[in-house]
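Note sheet for the following structure.
The values are calculated or read from the model by the stated rules, or taken from the named source; none is laboratory data. All figures in this text were calculated on a predicted structure; none of them were measured in a lab. Here the Cβ positions follow ideal geometry from the backbone for every residue, glycine too, while neighbour counts run over all protein chains shown.
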Amino acid sequence: MILQVTAVRTPSPGLRALTLVGDDLPSYPPGAHLPVEWAPGRVNPYSLTGLGIAPETYEITVARRSGGSARLHGLEVGDPVHARSPRSGFPPVETAAHHVLVAGGVGVTPLLGHARWHAFWGHSFEVLAVGAPHLGTLRELGPLTVARDRRELADLLRPVVGNAPWNSHVYTCGPPGLIAAVAAAARAAHWVDARIHAEPFVHEPAGAPFEVLLRRSRRRVRVAADESLLDAVDRIGLPAPRLCRQGVCGECLTTLLAGTAEHHDHVDAAEHGRIAPCVSRAAPGETLELDL
Amino acid sequence: MTEVGGATGEGAYPFPLARDTYRISANVEPASAPMLHVGADHADVLALRSRILDAEPRRFVAAPHAAAASWDALVWLLDRTAREQDGVSLERDGLRYRWTDPRRGVEQEFVFGDASTLPEHPLTFAGRQVEEDVVVLGARDDRLWLDAGMVVFASVWSLAFDHGMSFAELHGPVPSPEVFARAERFLLRMQPGDAYRRLNWGLQLDDRPDLSLDAHPAWGPRRARLEVHDVGSEVHLRTEVQHLVRLPMSGAVLFLIGVRLLPLAEVATVPAWSARLVSVLDTLPEEVRSYKDLGVLGSMAADWLRRSSA
């Protein structure tokens, strides 16, 4: 579908909040993302931050990185945006007695959708945020605690998970370290894993171009600035497993034989001498050698 | 509910057997319009649905946590009806809706999510507007759960008994559990707005759509005695047109079951259908024959169809 930018705001430096309109916008569940096609065949997902009940507009917040997000930061009111139908990825659990939403940085975006949903339906919820934009909106929706830094967040979180009613659920969106800290705090308070939910930042594949040597197939491939290592391997026709393309599922993990990588996965690939080609890249100036 | 046959054309009977043998499978295909059926007896079917529900309130269940999914189902069903059926409309201004079905003189305004603006639960209000039975399956913990529904035409099951069960538990009596484990994974991967269709089938002794366990005293004894005088007019092929929709706002799965009954005499008017049903009944695996309760009824139907085509 083709959408049009009707408002551009800067909620904090490096972030751009876009309001998009279109005909007959499909509804979407909390935590859904909008796949935005920022160049032909190049799609990045952005969390929808509004209430998805018969929405008049789509709201997304984009952190400036490179590739697609740089392109979106250049958009002005009136510009067209190509998008696909919203996809669900991080929904709330409707049976929860209470929802604890923990937001780190721009990871607040899917949880803003959650907060709007819970406020609409009168569900019990609270938000803990660190370094997050949109605090004014969150404060209007319900109870909000803002931490100065990660350490203070951990201190604030302990009594929350300790005192929350039975069958509360916690949802964290932010960097892997925050996700791990929240999960540890909840487990320490005897929460079962089924009540602990997290969505890591969806990392964009783009970065500086680099070269990869594929030892087993004796091929050399150049990874362009706006493609992922996995896409580059695809391009030359090598079969490589994959599933989530977000560095979460571990399907695409490959042994890293030589070279220094910038790891962006959430499965500790580096510790095992491996790399997740869907999200990770070469460190500046490095050439990687893979067992592919 | 009972219809005349015809293999082609508008309103053609959805003959459910795609091959000469039948095995239990998920057999889903992408849905296409119309998803909601409007038969010649539309008003009668809707009146019957309301009569059964009003007499037996347990044909409706809804867990408290299914509120959002129920409203989601209501708006999806009314919107779908308005898109597919002439004269019917669903107008919206923000969260305020107006539903009009002039065929039945129904006009209702409501505010989305505000229970005080509807005369009854959103799911029973929706269930009275369509011929299909309505089930809402919530997605949690990588599984589906029967959270809510209005089902008055169940085929040998009971909504009230099944309320709260997981997808695996719901299909406990079915012979091929692995098929349903795969189906559940498929359904959980559906994206908001996705819609699929599948057909299920059986045979029954009359044209009663309500074969629920709740109403077993009304139909069970005759079925047990296999009391049939005229096979061609009394024994019916029961096809269930099932739709599976990932509801857009809540992510719940909406399961719609439309019942379409065709007397064997009408099946016999399409030789290809008759031959296929005979072949399927002759080759049905024992566990499927037993699950569908076709031990004697299946051979009775096959014999009749063979004789009538000879």
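Points worth noting:
- Reported count of residues in region A:106-124, each being surrounded by 24 or more Cβ atoms within 10 Å (Cβ to Cβ) and within 14 Å of chain B (Cβ to nearest Cβ), is 4.
- Only listed residue being without any contact (Cβ under 8 Å) to a residue 40 or more places away in the chain and among the small types (G, A, S), chosen from A:A39, A:A96, A:A119: A:A119
- None of A:A7, A:A54 is more than 14 Å from chain B (Cβ to nearest Cβ) and either within 27 Å of B:G94 (Cα to Cα) or in a helix (DSSP H, G or I) (or both) except A:A7.
- Residue in region A:38-61 that is in contact with a Leu (Cβ under 8 Å, 6 or more places away or on another chain), more than 30 Å from B:G113 (Cα to Cα), crowded, with 21+ Cβ neighbours inside 10 Å and of a type in the set (A, V, I, L, M) present: no
- Among (1) touching a strand residue (DSSP E or B) at 6+ places or on another chain (Cβ under 6 Å); (2) more than 14 Å from chain A (Cβ to nearest Cβ) - the single one B:R182 does not satisfy: (1)
- Region B:215-270, subset among the acidic types (D, E) and crowded, with 20+ Cβ neighbours inside 10 Å, residue farthest from A:Y28 (Cα to Cα): B:E266
- Consider region A:21-33 and keep the residues that are surrounded by fewer than 24 Cβ atoms within 10 Å (Cβ to Cβ) and touching a Leu at 6+ places or on another chain (Cβ under 7 Å). The one that is nearest to the other protein chains (Cβ to nearest Cβ) is A:H33.
- When residues in region B:56-66 are screened for being assigned to a helix (DSSP H, G or I) and more than 7 Å from chain A (Cβ to nearest Cβ), 5 of them pass.
- Among the candidates B:D293, B:D282, residue that is away from every other protein chain (no Cβ under 14 Å), of a type outside the set (S, T, N, Q), surrounded by fewer than 17 Cβ atoms within 10 Å (Cβ to Cβ) and on the phi > 0 side of the Ramachandran plot: B:D293
- Residues that are among the acidic types (D, E), under 23 Å from B:F112 (Cβ atoms), out of contact with any strand residue (DSSP E or B) (no Cβ under 7 Å at 6 or more places or on another chain) and within 14 Å of chain A (Cβ to nearest Cβ) occur at least once in region B:67-82.
- Just one of the listed residues (B:D147, B:D194, B:D141, B:D162) is under 30 Å from A:P86 (Cβ atoms), touching a helix residue (DSSP H, G or I) at 6+ places or on another chain (Cβ under 6 Å) and surrounded by fewer than 19 Cβ atoms within 10 Å (Cβ to Cβ), namely B:D141.
- Scoring B:L90 on the criteria (1) in a strand (DSSP E or B); (2) among the aliphatic types (A, V, I, L, M); (3) within 26 Å of B:A215 (Cα to Cα) leaves a single failure, condition (3).
- Single residue of region B:225-277 satisfying the filter (more than 14 Å from every other protein chain (Cβ to nearest Cβ) and of a type in the set (G, A, S)) that is nearest to B:M190 (Cα to Cα): B:G258
- Top-ranked residue of region B:85-123 - restricted to ones that are in contact (Cβ under 8 Å) with a residue 12 or more places away in the chain and at positive phi, ranked as nearest to the other protein chains (Cβ to nearest Cβ): B:G113
- When residues of region A:59-81 are limited to those that are out of contact with any strand residue (DSSP E or B) (no Cβ under 7 Å at 6 or more places or on another chain) and of a type outside the set (K, R), the one modelled with the highest pLDDT: A:G74
- Within region B:185-214, the set of residues being away from chain A (no Cβ under 14 Å) and polar (S, T, N, Q) comprises B:N200, B:Q204, B:S212.
- Hits in region B:118-163 - residues which are farther than 21 Å from B:D54 by Cβ and touching a Phe, Trp or Tyr at 6+ places or on another chain (Cβ under 7 Å): B:L137, B:G138, B:R143, B:L144
- Exactly one residue among A:V8, A:V36, A:V102, A:V62 is more than 15 Å from the chain's Cα centre (by Cα) and hydrophobic (A, V, I, L, M, F, W, C), and that residue is A:V8.
- Selection of region B:266-310 for residues being without any contact (Cβ under 8 Å) to a residue 60 or more places away in the chain, small (G, A, S) and in contact with a Phe, Trp or Tyr (Cβ under 9 Å, 6 or more places away or on another chain) yields only B:A268.
- Condition met for B:G138 (within 14 Å of another protein chain (Cβ to nearest Cβ) and in a loop (DSSP other than H, G, I, E, B)): no
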